[in-house]
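*Asks:* This is the structure, below, for whatever I ask next.
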Amino acid sequence: MERNPIRRQLAIMRQSLFDQGHVDEQFVQLEELQDDANPNFVEEVVTLYYRDSARIILNIEQALERKPFDFRKLDAYMHQFKGSSSSIGAKKVKAESTLFRECCKSGNGEGCMRSFQQLKKEYATLRKKLGAYFQ
Amino acid sequence: MPAKREITFETELFGSKTFLIYVEPVFSKAGETIGINYMGIDISDQVRKRERMIKIREEIAVQKAKETELNRTIHITEETMRAKQMLATMSHEIRSPLSGVVSMAEILGTTKLDREQRQLLDVMISSGDLVLKLINDILDLSKVESGVMKLEATKFRPREVVQHVLQTAAASLRKILTLEGNVADDVPIEVIGDVLRIRQILTNLISNAIKFTHEGKVGVKLFVVPEPPFAKEGSQNGSAVSTANQSTTNVPKEETCTSSQTSSDQRGFHGKKHEGSCQDRSQSERGTPVTNGTIDVTEEQAELPETTVWIRCDVHDTGIGIPENALPTLFKKYMQVSADHARKYGGTGLGLAICKQLVELMGGRLTVSSQVHCGSTFTFILPYKVSLSCDHSDDPDDDLSDMDDHGATDDDATAGFFQFQPRTLGSLFSSNGSSRTQNLLAHNIGYVNSHKINGFSENCYSFPTSNGQTKEMDLVEDACSVAEALEISPKPESSFSHSPDHDNESAICRDEHHHNVVNAENKVSTRDVSSCSETSREVDVKVKITEPQLPAERQGRSDSGFQSTLNSSREASNSISKPKILLVEDNKINVMVTRSMMKQLGHTIDVVNNGVEAVRAIQYHSYDLVLMDVCMPVMDGLQTTRLIRSFEETGNWDEAAKAGIEKPSPSSDSLQPDCTPPKRIPIIAMTANALSESADECSANGMDSFISKPVTFQKLKECLEQYL
């Protein structure tokens, strides 16, 4: 009986994640992989994602400090990052990654910086939201 | 014109004489030179005095300089002493609250914490421990240096100490190394010494060895040596005979039986391989050859209540070695081999200094010999007292009858050989999630009782999932070859689980064996016989005892489909009857998700992280389906597919060899159950682009189809239905 309000709250949080566009259908895929044998699968994947992608973010940051930009390398990093992000269904992050790659392809350094800032924001926001959701 | 000069003449009669010669011309009134005045004054004495004065002044100057230096040194020394004192005091003061912090952190660890909190706490505790250790080292060093250190004299058992130290080291070992301990039989069961310090020295040397060794083994050898020349105690007459006096165990076997020294008797009888090897030991020891033959057993020693035995301990490793130019400064405080070393390996440089101080305080010597890239051996020799009136209540005469009892009860005490093989536990994975070098956390402890040589029962090895690396392959094969000797598997298919890890003991383990054995059967045929016999020799002497509490843990963890390094045990058993699927993907998250999806579809998969590993995997095993990521490091999916297709068309791996992948050993070709023409494996590209040109490229390179990322359950299901 006591669990219902919690469950409801959880459902609301989850719905908002979708409605606000933070996650997409891929996230549902992850949820479907969760079962009794893997009760915390989604959380585990997300944790791994944040751990793994932290490294890539750092690499990108370091690469953005070296002028002139090595667009090829930046694009390669972002390709990796985008892959991971799309696998967990991080919609906004993925969209921003695509933008970043566009800027890389067109050699738009300013655009890259801006896009990266935005990306980091989305990344952090998602992390907070997911963190709250999992708690 | 007039000239004044000093000229020295050598005279026969008077020696060296110096005259002041004054010559001046004499002029006539008209100015003509008509003659000279020639005057000579004997100034020999003055000259001598003068010279002495100079010397004296020099000496005074030198003295003064020395004094100043000395004063300065005294001043510095005083300062240093004061500083040291302060450091010691401070360290002491720091230690108490610091250990308070660490204790509290540990207690906190026993309360309920969420994952993030626990991670933070772990960092806290390990940092705190490190600092504590550092402080203890500093305190120890200053204690030893200031002469305040008092040595204990307690009875202890060297074998137990060695085993314990190795066990502790093995438990926290995070690399694949073999730890070995070897205590010679003539080392007494019990000796008297400062066990705490000795343990400290041993731990320090062993942890150094482990730190600087990345592969191979670290070993400890303990054996008795005759009294070394540097020892000043005892009745040293400088003669070879008397140097053997102190080392009672170097007595050859005839003496052992007849000597009145009960201590050596005890040793002689208590060692399991007794007299023959005692002889061998004494032959092989670093003793002077004289000692083997011409010893007069010293009657004096028979009277002594205690005898001193010199035991030498070698800690050797197959590590990075120490360059020659670094050897002299190795034991100096705060010195590391180089600044790079310090940065790369950490540490404070105090350990060896402490060891050396302690060893020398105890009357021994610490030396090192090393070869760069080969390994190093640190040796310390210490004297130990052996009490003749110790717990071994037997008299020499009763030994024969008591031997059986001893054999039964003192197994641990007399076990002289320990080996700790590296053992990987898939259930414990490193926190930074590196999937490649997934390492180990627990170790199996193998005991050898030299008189209990069983064939080993279960040799469960598990390996990290660095798929395709030949080293791991070798390990597996060696293990297999030995496993083969014991178990005969009827399984027809060859299957190789890339990360066979042991979550369950019995059934799965046996399945593992079967897998490994099948591989072995196929591979060992052409494998070097030597490597086979080598491992079987090595392994024959081992009796593996797996720790009992681990299986339950691993069982639980195996249920979570985690990182690519963790393969659940079901894979091992399932992959026999199920289709073999290979996933070639470098992104960890994708691997995790894909694997989980495949699991839901009822399949288990093997994972490799790049094209090269994929080729290797296919070289050695047959797969029914390959899911190939297109973008990967080292070798991308397109090239990999081309190489695989070339193999399928030509039947050989030449193209792969050109790309730098070595061909598999001949026997593996016979792995293909269909023998001659290799079957075409369906290869599905997993591409992030999913544009039409990408699809064309995929099929141009030999792929059968593609799945666009992100991978969904539905896509996988359809793909499997189509191609399996």
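*Asks:* From B:166, B:179, grab the single residue that is in a strand (DSSP E or B), under 18 Å from the mean Cα position of the chain (by Cα) and over 15 Å from residue B:382 (Cβ atoms).
*Replies:* Of the residues listed, the single one that is in a strand (DSSP E or B), under 18 Å from the mean Cα position of the chain (by Cα) and over 15 Å from residue B:382 (Cβ atoms) is B:179.
Residues checked against (1) of a type in the set (D, E, K, R); (2) part of a helix (DSSP H, G or I):
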residue: B:97; (1), (2): no, yes
residue: B:117; (1), (2): no, yes
residue: B:121; (1), (2): no, yes
residue: B:126; (1), (2): no, yes
residue: B:133; (1), (2): yes, yes
residue: B:185; (1), (2): yes, no
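*Asks:* Determine if the range A:19-27 includes at least one residue that is more than 14 Å from every other protein chain (Cβ to nearest Cβ) and in a helix (DSSP H, G or I).
*Replies:* yes
*Asks:* Would you confirm, using the coordinates I've provided, whether residue B:693 is away from every other protein chain (no Cβ under 14 Å), modelled with pLDDT of 85 or more and more than 25 Å from residue B:649 (Cα to Cα)?
*Replies:* It is false that residue B:693 is away from every other protein chain (no Cβ under 14 Å), modelled with pLDDT of 85 or more and more than 25 Å from residue B:649 (Cα to Cα).
*Asks:* Please identify the pairs in which a residue from the range B:78-107 that is more than 25 Å from residue B:127 (Cβ to Cβ) has its Cβ atom under 7 Å from the Cβ atom of a residue that is part of a helix (DSSP H, G or I), counting only partners at least 6 apart or on another chain.
*Replies:* Taking only residues 6 or more apart or on different chains, the pairs are B:84/B:142.
*Asks:* Can you find a residue in the range B:102-121 that is of a type in the set (Lys, Arg), over 24 Å from residue A:135 (Cα atoms) and exposed (fewer than 12 other Cβ atoms within 10 Å of the Cβ)?
*Replies:* no
*Asks:* Touching a Leu at 6+ places or on another chain (Cβ under 9 Å), assigned by the TED database to the domain that holds residue B:684 and without any contact (Cβ under 8 Å) to a residue 40 or more places away in the chain: does that describe residue B:635?
*Replies:* For residue B:635, the condition - touching a Leu at 6+ places or on another chain (Cβ under 9 Å), assigned by the TED database to the domain that holds residue B:684 and without any contact (Cβ under 8 Å) to a residue 40 or more places away in the chain - is met.
*Asks:* While we're on this one: Kindly provide the set of residues from the range B:351-381 that are at positive phi and in contact with a strand residue (DSSP E or B) (Cβ under 8 Å, 6 or more places away or on another chain), ordered by number.
*Replies:* Scanning the range B:351-381 gives B:363, B:375.
*Asks:* Further, regarding this structure: List every residue pair whose Cβ atoms sit under 8 Å apart, with the two residues 6 or more apart in sequence or on different chains, where the first one lies in the range B:587-603 and is without any contact (Cβ under 8 Å) to a residue 40 or more places away in the chain and facing another protein chain (nearest Cβ under 8 Å) and the second, anywhere, is surrounded by fewer than 24 Cβ atoms within 10 Å (Cβ to Cβ) and among the acidic types (Asp, Glu).
*Replies:* B:589/A:52; B:592/A:44
*Asks:* So which residues in the range A:57-92 are assigned to a loop (DSSP other than H, G, I, E, B) and within 11 Å of chain B (Cβ to nearest Cβ), if there are any at all?
*Replies:* Scanning the range A:57-92 gives a single hit, A:89.
*Asks:* Quick check: is even one residue across the range A:102-110 hydroxyl-bearing (Ser, Thr, Tyr), more than 23 Å from residue B:711 (Cα to Cα) and free of Cβ contacts under 8 Å to residues at least 40 places away in the same chain?
*Replies:* yes
*Asks:* Taking residue A:106 as the residue in question, decide whether it is of a type outside the set (Val, Ile, Thr) and within 12 Å of the chain's Cα centre (by Cα).
*Replies:* Answer is no for this residue.
The values are calculated or read from the model by the stated rules, or taken from the named source; none is laboratory data. This structure is a prediction, so every number in the text was calculated from the model and none was measured. When we count neighbours, we look across all protein chains shown, and the Cβ atoms used for this are built from the backbone with ideal geometry, even at glycine.
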